[in-house]
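Participant: One structure coming up, written as structure tokens, with questions to follow.
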Amino acid sequence: MFTSTPVGFCTFTSESFMQPSNHILPCIVLAQFCCTSLWFASNAISPDLIDAYHLTETSLGYLTAAVQIGFIIGTLGFAFAMIADRFSPIRVFFVGALAGSLINLALLWESNSLASLLTIRFLVGCSLAAIYPVGMKIAADHFNKRLGNSLGFLVGALVLGTAFPHSIKAFSADVPWKTVVYVTSGLAVVGGLILVLFVPNGPYRKPAAKLRLNAFLAVFKNRRFRAAAFGYFGHMWELYAFWTFVPLCILGYNTLHPTTSLSVPFWSFCIIGIGAIGCVLAGLLVPRYNEKRLATFALSISGLFCLASPLLFEMPVYVFLILLLVWGMVVIADSPMFSTLVAQRAPSEVTGTALTIVNCIGFAITIVSIQLLASLSEALPIPYLFVVLAFGPLFGLISLRRLN
């Protein structure tokens with residue numbers, strides 16, 4: 001029961017003090033965008049890194065995998081030690097942003113080799129474990145009742161941050177590759193400062209009383225939490241594999257239709273970046289349709305795209321691009337919905353740990369699906385490559401049906 005106290009002509013309730021200030025969400029979103037630009041910084045400048053450090057063409061795949069593995073190891077360690085629940089998530093985010101920025105600058109070291117570059121990207125991945133899931137934890141601490149809406153903007157920022165390094169190269173081909181490194185590192189510092197200076201710990205935060213080494217496993221004993229998490233895992237099977245092979249998809253269309261010459265960097269950026277709009281739209285529709293229905297809709301549409309993907313290559317170029325842009329919107333639109341479902345079904349004192357371990361497992365799954373598609377790309381024609389991704393949405397939809 002909320003009590004009210006008259007003050008002059010105004011009446012304040014204890015609930016009103018729980019409402020976040022209008023600047024909180026924009027600050028969290030901007031900080032997330034700035035810091036996640038570190039994620040694919042090396043991908044955007046991979047040809048330059050290959051030339052500068054005398055690497056092979058296969059090095060790009062290793063560098064991408066190093067970031068993902070670093071993120072997985074980092075999130076596993078954070079979940080095991082309950083970092084985001086035992087300590088101020090604002091400070092954890094800030095430390096992660098500074099660490100990621102400094103480590104990213106090591107790409108400029110003139111004596112780098114493949115081994116040192118892999119180490120750098122691995123450590124950047126570890127630092128991102130203090131940014132992406134911790135950012136969602138901060139949002140959950142502030143937006144208990146509007147979490148789905150808030151995470152729609154937050155994941156949208158992640159998408160733009162991920163695509164940002166590609167946009168620098170797509171729209172400014174003559175920019176020196178070292179500038180991309182400086183810009184992404186600088187943005188990470190700015191993002192950390194925005195959060196630590198302008199965002200306090202949220203009113204719904206409940207710090208964990210003590211370290212529980214089994215907390216990251218105990219949350220899966222909850223059937224409703226498990227159903228939401230499994231739905232997210234199905235979504236992740238498709239998402240990053242789709243993003244990784246979008247350039248190959250565009251190249252494949254150019255090969256099958258020699259009269260077309262689609263720009264691979266530009267359209268890859270558009271198809272990945274438009275996912276931010278899908279996330280925001282999903283967040284805005286939460287009050288009307290709720291998270292489960294929106295996740296089910298987006299997952300169903302992206303699953304159908306997987307199954308029908310061979311037909312896309314037979315379409316005229318404009319139809320092909322429009323459908324890929326729609327796919328780019330729906331493939332990520334369910335991500336903030338799943339994160340909300342997971343956060344809402346985890347005990348409040350271990351919300352950060354629950355989000356972190358689910359991210360850890362989800363990104364481990366992405367490595368499997370990416371490597372599977374990489375292997376299949378040598379045996380299957382490109383138009384049939386994405387069909388195998390349909391297993392993820394199918395598994396996710398089955399899990400969602402168990403979620404009441």
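Participant: Could you tell me whether the range 89-111 includes any residue that is in contact (Cβ under 8 Å) with a residue 12 or more places away in the chain and not in a helix (DSSP H, G or I)? Before the answer, list the steps.
Facilitator: Initial filter on the range 89-111 (in contact (Cβ under 8 Å) with a residue 12 or more places away in the chain): 89-108.
Remaining after also requiring not in a helix (DSSP H, G or I): none.
Among the residues of the range 89-111, not one is in contact (Cβ under 8 Å) with a residue 12 or more places away in the chain and not in a helix (DSSP H, G or I), which makes the answer no.
Participant: Now a separate question. Name the one entry in 121, 91 that is surrounded by fewer than 22 Cβ atoms within 10 Å (Cβ to Cβ), among the charged types (D, E, K, R) and in contact with a helix residue (DSSP H, G or I) (Cβ under 9 Å, 6 or more places away or on another chain). Can you show your working first?
Facilitator: Details: 121 fails: surrounded by fewer than 22 Cβ atoms within 10 Å (Cβ to Cβ).
Only one candidate passes the filter, namely 91.
Participant: Take the range 39-76 and flag every residue that is under 20 Å from residue 182 (Cα atoms), surrounded by fewer than 18 Cβ atoms within 10 Å (Cβ to Cβ) and modelled with pLDDT of 80 or more.
Facilitator: Once the filter is applied, which keeps residues that are under 20 Å from residue 182 (Cα atoms), surrounded by fewer than 18 Cβ atoms within 10 Å (Cβ to Cβ) and modelled with pLDDT of 80 or more, the range 39-76 yields 48, 50, 51, 52, 53.
Participant: Right, next: Looking only at the range 178-193, filter to residues that are surrounded by fewer than 22 Cβ atoms within 10 Å (Cβ to Cβ) and among the β-branched types (Val, Ile, Thr); which one of those is modelled with the lowest pLDDT?
Facilitator: Here the residue is 179.
Participant: Considering only residues that are surrounded by fewer than 24 Cβ atoms within 10 Å (Cβ to Cβ) and not in a helix (DSSP H, G or I), which ones fall in the range 331-345?
Facilitator: Within the range 331-345, 345 is the sole residue that qualifies.
Participant: Show the residue pairs meeting these rules: Cβ distance below 8 Å; 6+ apart or different chains; first residue within the range 259-288 and surrounded by fewer than 15 Cβ atoms within 10 Å (Cβ to Cβ); second residue of a type in the set (Ser, Thr, Tyr) and at pLDDT below 90.
Facilitator: Once the first residue is surrounded by fewer than 15 Cβ atoms within 10 Å (Cβ to Cβ) and sits in the range 259-288, no partner that is of a type in the set (Ser, Thr, Tyr) and at pLDDT below 90 comes close enough.
Participant: Would you confirm whether any residue within the range 272-290 is at negative phi, polar (S, T, N, Q) and not in a helix (DSSP H, G or I)? Outline the logic, then answer.
Facilitator: Taking the range 272-290 and keeping what is at negative phi, we get 272-289.
Okay, now just the ones that are also polar (S, T, N, Q), so none.
The answer is no, given that none of the residues of the range 272-290 is at negative phi, polar (S, T, N, Q) and not in a helix (DSSP H, G or I).
Participant: Only one of 369, 302 is crowded, with 24+ Cβ neighbours inside 10 Å, among the small types (Gly, Ala, Ser) and at negative phi. Can you tell me which? Before the answer, list the steps.
Facilitator: Working: 369 fails: crowded, with 24+ Cβ neighbours inside 10 Å.
Checking each option against the conditions leaves just 302.
Participant: Based on this model, can you work out whether residue 184 counts as without any contact (Cβ under 8 Å) to a residue 60 or more places away in the chain and among the β-branched types (Val, Ile, Thr)? Let's see the steps before the verdict.
Facilitator: Details: without any contact (Cβ under 8 Å) to a residue 60 or more places away in the chain: no; among the β-branched types (Val, Ile, Thr): yes.
It is false that residue 184 is without any contact (Cβ under 8 Å) to a residue 60 or more places away in the chain and among the β-branched types (Val, Ile, Thr).
The values are calculated or read from the model by the stated rules, or taken from the named source; none is laboratory data. Every value quoted in this text rests on a predicted model; they were computed, and no experiment measured them. Please note: Cβ atoms are built from the backbone with ideal geometry, for glycine as well, and neighbour counts cover all protein chains shown.
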